[in-house]
Amino acid sequence: MMIPQVCTIAGSDSGGGAGIQADLKTFQERDVFGTSAIIALTVQNTLGVHGVHLVPMEYVIGQLDALFADFDLKAIKTGMLLNSDYIIAIADYLKQHSKAALIVDPVMVAKGGAALMEDTATKAMIEHMLPLATLVTPNIPEAETILARKIETEEDMVQAAKDIQALGASNVLMKGGHSLNEEEARDFLWTEDGEGYWFASQRYHTKNTHGTGCTYSACITAEIAKGKSLKEAIAMAKEYITSAIYHGIEVGHGHGPTNHAAYRKFGKVE
């Protein structure tokens, strides 16, 4: 039986909690076949990012050539793209070669505070990647960087989603994990049809949230590849990431990862 095939274009996290590693774990858990194009190797653990080594551009494009020559990719997600050269090259490649749904997670800062995208790359992200995106999934700090303004209320989140859509993205999911709401983590979807939807879960206070954004967007990517609607895919991903946070695991001495196997083992958090 043909299994839906997906791809993540991002950086490698040697600590295993975020990036390519989190994406592939999530793809496996959600019953799709995951492939990857790695743009950078990070020297990373739960205590932080200690170094970044860029993969030469010819090898990034070579990975993409190999994938598109052999696999039927139904959905693609991007994560850490680091700088404008990689953003522009990958956007141009996808524009020429891909008809797959594209989920753009505009990764800019690691959980420990290390910058994962150069300041000059924001303009390239807006101009080259957002117009290709089926869905873009910024958290509040990322949206603040994209829009160059503060986002402090849920009304601000709604307006931010609309304004990011106006920059070219078809659909925008504003993630509320960094909001001031202490009871719930509320995410807002603004669609290309001009409709808005909230997705809420109880907030669980834990330091072990490394890779939540990667995992959330990877689950959305998997569900879209399986034919789910955007609303269905996000609702499923919200359940998946909530379970991964609630049923945490203790790994490392810093910001630990979420539990990628939690939804399979324990199901939805009631």
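On the basis of being touching a helix residue (DSSP H, G or I) at 6+ places or on another chain (Cβ under 7 Å) and open to solvent by 30 Å² or more (accessible area, probe 1.4 Å), does residue 134 make the cut? Considered against the rule, which asks whether it is touching a helix residue (DSSP H, G or I) at 6+ places or on another chain (Cβ under 7 Å) and open to solvent by 30 Å² or more (accessible area, probe 1.4 Å), residue 134 comes out as no.
For the structure I just gave you, tell me whether residue 38 is under 21 Å from residue 87 (Cα atoms) and in a strand (DSSP E or B). Yes.
For the stretch 221-239, the criterion of a residue being closer than 19 Å to residue 106 by Cβ and in a loop (DSSP other than H, G, I, E, B) is satisfied by no position. Among the numbered conditions (1) more than 15 Å from the chain's Cα centre (by Cα); (2) of a type in the set (A, V, I, L, M); (3) open to solvent by 10 Å² or more (accessible area, probe 1.4 Å); (4) at pLDDT 95 or above, tell me where residue 49 comes up short. Only one criterion is unmet by residue 49, namely (4).
Here the stretch 144-160 is the region considered, the condition is being over 18 Å from residue 199 (Cα atoms) and assigned to a helix (DSSP H, G or I), and the residue that is most open to solvent (accessible area, probe 1.4 Å) is 145. Only a single item in (1) in contact (Cβ under 8 Å) with a residue 12 or more places away in the chain; (2) closer than 21 Å to residue 174 by Cα; (3) among the hydroxyl-bearing types (Ser, Thr, Tyr) is not met by residue 229, and it is number (1). It is to be established whether one or more residues within the stretch 254-262 are at positive phi, in contact with a strand residue (DSSP E or B) (Cβ under 9 Å, 6 or more places away or on another chain), open to solvent by 30 Å² or more (accessible area, probe 1.4 Å) and of a type outside the set (D, E, K, R). No, the stretch 254-262 contains no residue that is at positive phi, in contact with a strand residue (DSSP E or B) (Cβ under 9 Å, 6 or more places away or on another chain), open to solvent by 30 Å² or more (accessible area, probe 1.4 Å) and of a type outside the set (D, E, K, R). Quick check on the stretch 172-189. Is at least one of its residues on the phi > 0 side of the Ramachandran plot and open to solvent by less than 50 Å² (accessible area, probe 1.4 Å)? No, the conditions are met nowhere in the stretch 172-189. Taking first residues from the stretch 46-70 that are farther than 15 Å from residue 96 by Cα and in contact (Cβ under 8 Å) with a residue 40 or more places away in the chain and partners that are small (Gly, Ala, Ser) and exposed (fewer than 12 other Cβ atoms within 10 Å of the Cβ), the Cβ contacts under 8 Å between residues at least 6 apart in sequence or on separate chains come to 48/113.
The values are calculated or read from the model by the stated rules, or taken from the named source; none is laboratory data. Predicted model only: the values in this text are computed from it and were never measured. Please note: Cβ atoms are built from the backbone with ideal geometry, for glycine as well, and neighbour counts cover all protein chains shown. Just the protein is used for accessible areas: all its heavy atoms, side chains included, with ligands, DNA and RNA removed. Shrake-Rupley method; radii C 1.70, N 1.55, O 1.52, S 1.80 Å.
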